[in-house]
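Novice: Once you've had a glance at the structure underneath, I'll fire off some questions.
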Amino acid sequence: MAAPSLEKEFCSPPEFIQMNNLASETVGGKVLFATDDWFAPAENLLKKSDPEFKPGLFTDFGKWMDGWETRRKRIPGHDWCIIQLGVPGIIYGLEADTRFFTGNYAPRISIQAACLAEEEITIIPRGDKTGTAASDQEYNVVEKLKSENWDYLLKMTELKPGYPETSHNYFQVSSQQRWTHIRLNIYPDGGIARFKVYGVGQRDWTSCSLNSLEDLLSMANGGVCLGFSDAHFGHPRNLIGVGRADDMGDGWETARRLDRPPILKADSKGILQVPGNEWTIFRLGHPGLITHIEIDTNHFKGNAPNSCKIDGCVLTPKEEEEKIKQNWKGHDWKSVLPVTQIHPHKRQFIEHTSLTLQEVVSHVKITIAPDGGVSRIRLWGFPRPPP
């Protein structure tokens with residue numbers, strides 16, 4: 001077993017929370033096994049939505065809770081579950097959200113991880129597990145994974161109760177390995193509302209030919225958000241999510257800018273003449289030559305931006321680190337897509353003939369004007385080594 005990674009607990013939200021949640025149900029994360037789901041099933045851990053509390057609502061098994069809650073343990077041992085990441089990758093941070101679990105939260109957790117091949121996984125489908133515990137058959141199947149021997153990302157650590165000021169428990173992970181599965185241990189029992197695994201997707205690019213057209217920006221291919229100007233209603237990391245957006249909350253949406261003119265005017269191409277804009281910056285999953293762009297404003301019917309432009313550049317890891325510290329001020333970009341009008345609730349495809357840069361880029365800056373929401377952006381192109 002590898003030596004445990006170092007971990008650090010945060011009192012305020014750390015930078016890693018703008019990374020992708022590799023375990024979310026929206027990207028394919030799923031629970032494969034849980035020792036006990038008596039009050040509430042472990043699948044709730046992976047919901048994208050914030051946890052809810054419904055006073056006075058009870059099930060046949062006890063108080064309805066929006067999270068994973070096991071019964072009060074009256075046998076030896078502790079409770080645990082196995083989570084398959086929707087997007088395998090490098091993990092930079094963890095969040096255990098105990099919201100609304102006050103007198104019934106899990107007092108301690110530890111996190112283990114493994115990188116498993118698909119052929120190593122044989123799991124019994126779970127179905128509705130509320131009010132049940134794992135069967136002998138389920139234990140026999142999961143024992144083959146030998147998860148008790150997986151590497152520790154987080155050693156046993158105390159959690160805080162689910163009051164507003166203490167519910168978000170953040171932990172930094174110092175591991176550069178690729179992981180596919182997580183074992184979440186709670187000691188000895190109790191509840192957690194949400195569990196998030198923040199990181200960067202990692203795929204094997206050696207199996208990808210230079211002529212393979214790929215979405216270089218997708219989180220599944222390793223794209224990650226590095227900064228933004230505003231995320232009032234929705235984080236820009238949603239732009240690179242898997243599949244189309246479920247709703248407006250599954251996109252990037254900014255507040256309405258206060259520097260909008262009292263009366264708006266547009267040029268002959270329909271581009272509003274406004275002083276301000278909003279932006280977000282991403283590192284591509286692999287440097288490449290962008291040939292096609294998709295801008296999807298699905299669900300944004302009365303609040304899509306008027307226009308969008310995309311710029312690109314090539315940065316080394318050290319240069320990227322410096323730019324993040326400077327909040328990207330004064331950086332020189334090359335135009336990939338000039339200012340282009342976009343439309344509400346629509347997928348807009350832009351061919352290579354409209355693109356202005358025929359060079360390899362590793363980073364992109366997406367700018368919308370004056371403000372509003374976009375659900376997804378796809379940057380299709382050919383992977384290339386950086387110049």
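The values are calculated or read from the model by the stated rules, or taken from the named source; none is laboratory data. None of these values were measured; they are calculated from a predicted model. Glycine gets a Cβ as well: all are built from the backbone with ideal geometry, and neighbour counts include every protein chain shown. Protein only, heavy atoms only, side chains kept; ligands, DNA and RNA dropped before computing areas. Shrake-Rupley method; radii C 1.70, N 1.55, O 1.52, S 1.80 Å.
Novice: Being among the basic types (Lys, Arg), surrounded by fewer than 16 Cβ atoms within 10 Å (Cβ to Cβ), out of contact with any Gly (no Cβ under 9 Å at 6 or more places or on another chain) and assigned to a loop (DSSP other than H, G, I, E, B), is that true of even one residue in the range 127-136?
Specialist: Just the residues of the range 127-136 that are among the basic types (Lys, Arg), to begin with: 129.
Next cut, surrounded by fewer than 16 Cβ atoms within 10 Å (Cβ to Cβ) only: none.
Scanning the range 127-136 turns up no residue that is among the basic types (Lys, Arg), surrounded by fewer than 16 Cβ atoms within 10 Å (Cβ to Cβ), out of contact with any Gly (no Cβ under 9 Å at 6 or more places or on another chain) and assigned to a loop (DSSP other than H, G, I, E, B).
Novice: Regarding the range 85-101, can at least one residue be identified that is free of Cβ contacts under 8 Å to residues at least 12 places away in the same chain and open to solvent by 50 Å² or more (accessible area, probe 1.4 Å)? So that I can check it myself, show each step before the final result.
Specialist: Filtering the range 85-101 for residues free of Cβ contacts under 8 Å to residues at least 12 places away in the same chain gives none.
Within the range 85-101 (the criterion being free of Cβ contacts under 8 Å to residues at least 12 places away in the same chain and open to solvent by 50 Å² or more (accessible area, probe 1.4 Å)), the answer is no, since none of the residues qualifies.
Novice: Would a scan of the range 270-279 turn up a residue that is in contact (Cβ under 8 Å) with a residue 12 or more places away in the chain and within 20 Å of the chain's Cα centre (by Cα)?
Specialist: Yes; the residues of the range 270-279 include at least one that is in contact (Cβ under 8 Å) with a residue 12 or more places away in the chain and within 20 Å of the chain's Cα centre (by Cα).
Novice: I would also like to ask the following. Over 29 Å from ASP50 (Cα atoms) and either in contact with a Phe, Trp or Tyr (Cβ under 8 Å, 6 or more places away or on another chain) or in contact (Cβ under 8 Å) with a residue 40 or more places away in the chain (or both): which single residue out of LEU239, LEU217, LEU213 fits that description? Outline the logic, then answer.
Specialist: Values: LEU239 fails: over 29 Å from ASP50 (Cα atoms); LEU217 fails: over 29 Å from ASP50 (Cα atoms).
Exactly one residue qualifies, and that residue is LEU213.
Novice: Scan the range 42-53 for residues that are in contact with a Phe, Trp or Tyr (Cβ under 6 Å, 6 or more places away or on another chain) and open to solvent by 60 Å² or more (accessible area, probe 1.4 Å) and jot them down.
Specialist: Within the range 42-53, PHE53 is the sole residue that qualifies.
Novice: Scan the range 56-70 for residues that are over 30 Å from the mean Cα position of the chain (by Cα) and assigned to a loop (DSSP other than H, G, I, E, B) and jot them down.
Specialist: Start the filter on the range 56-70 by keeping residues that are over 30 Å from the mean Cα position of the chain (by Cα), which leaves 56-62.
Scanning the range 56-70 gives GLY56, LEU57, ASP60, PHE61.
Novice: Taking MET156 and the conditions (1) at pLDDT below 95; (2) open to solvent by 20 Å² or more (accessible area, probe 1.4 Å); (3) not in a helix (DSSP H, G or I), which numbered condition does it fall short on, given that it satisfies the others?
Specialist: (1)
Novice: Quick check, is LYS144 surrounded by fewer than 17 Cβ atoms within 10 Å (Cβ to Cβ), basic (Lys, Arg), touching a Ser or Thr at 6+ places or on another chain (Cβ under 8 Å) and free of Cβ contacts under 8 Å to residues at least 60 places away in the same chain? Break it down stepwise before answering.
Specialist: Details: surrounded by fewer than 17 Cβ atoms within 10 Å (Cβ to Cβ): yes; basic (Lys, Arg): yes; touching a Ser or Thr at 6+ places or on another chain (Cβ under 8 Å): yes; free of Cβ contacts under 8 Å to residues at least 60 places away in the same chain: yes.
Answer is yes for this residue.
Novice: List the number of the failed condition for ARG203; all other conditions in (1) open to solvent by 30 Å² or more (accessible area, probe 1.4 Å); (2) under 19 Å from GLY381 (Cβ atoms); (3) more than 22 Å from the chain's Cα centre (by Cα) hold.
Specialist: (3)
Novice: Considering only the range 59-80, state which residues are closer than 14 Å to ALA133 by Cα and either touching a residue at least 60 places away in the same chain (Cβ under 8 Å) or open to solvent by less than 50 Å² (accessible area, probe 1.4 Å) (or both).
Specialist: PHE61, TRP68, GLU69, THR70, ARG71, ARG72, LYS73, GLY77, HIS78, ASP79, TRP80 - these are the residues of the range 59-80 that are closer than 14 Å to ALA133 by Cα and either touching a residue at least 60 places away in the same chain (Cβ under 8 Å) or open to solvent by less than 50 Å² (accessible area, probe 1.4 Å) (or both).
Novice: For the range 235-353, please list each of the strands (runs of 3 or more DSSP E) lying entirely inside it that holds at least 3 residues being open to solvent by less than 20 Å² (accessible area, probe 1.4 Å) and touching a Gly at 6+ places or on another chain (Cβ under 6 Å). Step through it out loud before you land on a result.
Specialist: Working: elements: 278-296, 307-313, 334-341, 347-350.
Strands (runs of 3 or more DSSP E) meeting the threshold: 278-296.
Novice: Further question on the same structure: Tell me which residues, restricted to the range 304-327, are over 24 Å from ALA255 (Cβ atoms) and in contact with a Leu (Cβ under 8 Å, 6 or more places away or on another chain).
Specialist: Within the range 304-327, GLY312, GLU320, LYS323 meet the criteria.
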